[in-house]
1. Part of a helix (DSSP H, G or I) and either free of Cβ contacts under 8 Å to residues at least 60 places away in the same chain or open to solvent by 50 Å² or more (accessible area, probe 1.4 Å) (or both): which single residue out of L65, L136, L71, L94 fits that description?
2. Taking the conditions exactly as written (farther than 22 Å from A148 by Cα and open to solvent by less than 20 Å² (accessible area, probe 1.4 Å)), does G36 satisfy them or not?
3. For region 112-128, enumerate the residues that are open to solvent by 30 Å² or more (accessible area, probe 1.4 Å) and within 8 Å of the chain's Cα centre (by Cα).
4. Condition first: modelled with pLDDT of 95 or more and open to solvent by less than 10 Å² (accessible area, probe 1.4 Å). Now tell me which residues in region 23-33 satisfy that.
5. Say we look at region 46-61 and pick out the residues that are open to solvent by 40 Å² or more (accessible area, probe 1.4 Å), of a type outside the set (F, W, Y) and over 21 Å from R99 (Cβ atoms); which of these is modelled with the lowest pLDDT?
6. All but one of (1) assigned to a strand (DSSP E or B); (2) closer than 25 Å to D144 by Cβ hold for R99; state the number of the condition that does not hold.
Amino acid sequence: MRRTAAVVALALAAATSVAAHDRSASYSIWTLDGDGAHVTVRLSALEASRLPWPPGDAARLGSYLAQRLRLLSDDAPCPPAAAPRVLPAGEGQLTVEWRVACPHPGRLAVESAALLEVAPSHMHFARIRRADGSRLERVLSDGDRRVALDAPAAPSLPAAVRLGVEHILT
């Protein structure tokens, strides 16, 4: 009995803490105006370390994010108006901003393919502030990469349940 208790105690002492897995995630704020948007993206340095270049390469990170987080107008990407720039951020965090300009107004959508090639279950949380002041928030993932900006402001219950089921299954 004492031997069993000692083995259990030793096993518990040696065990690492058990917690839910960490989900790969990034976050953006899109502030729309008449002809484009200001984009701010935040992600952890750990997420950025998954990418195949040195972690201090801010220019490459900015370019990568601007190519994979896009504002579309009638399915055409709105190009960056200037090169993305890295902003000061908290320890272990990276923040990048840029502006996109849509040369031809049309039906708008935000699309994310960020980090999916290195973290297939990556989730991108997008917060969109429309020019009229209304807001829209969506979670974008490999199974749902795009949100139309004329979509309803709140996700439907079936969509939220589907996302939860996909999360558990993957």
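The values are calculated or read from the model by the stated rules, or taken from the named source; none is laboratory data. Computed from a prediction, not measured in an experiment: that's the story for all the values here. Glycine also receives a Cβ, built like all others from the backbone with ideal geometry; neighbour counts cover every protein chain displayed. These area figures cover heavy atoms from the full protein model, side chains too; ligands, DNA and RNA do not enter into them. Shrake-Rupley method; radii C 1.70, N 1.55, O 1.52, S 1.80 Å.
1. Only one candidate passes the filter, namely L65.
2. Numbers: farther than 22 Å from A148 by Cα: no; open to solvent by less than 20 Å² (accessible area, probe 1.4 Å): yes.
Judged against the criteria, G36 is not a match.
3. F125
4. Result: S26, S28, W30.
5. Applying the filter and picking the extreme gives P55.
6. Condition (2) is where R99 drops out.
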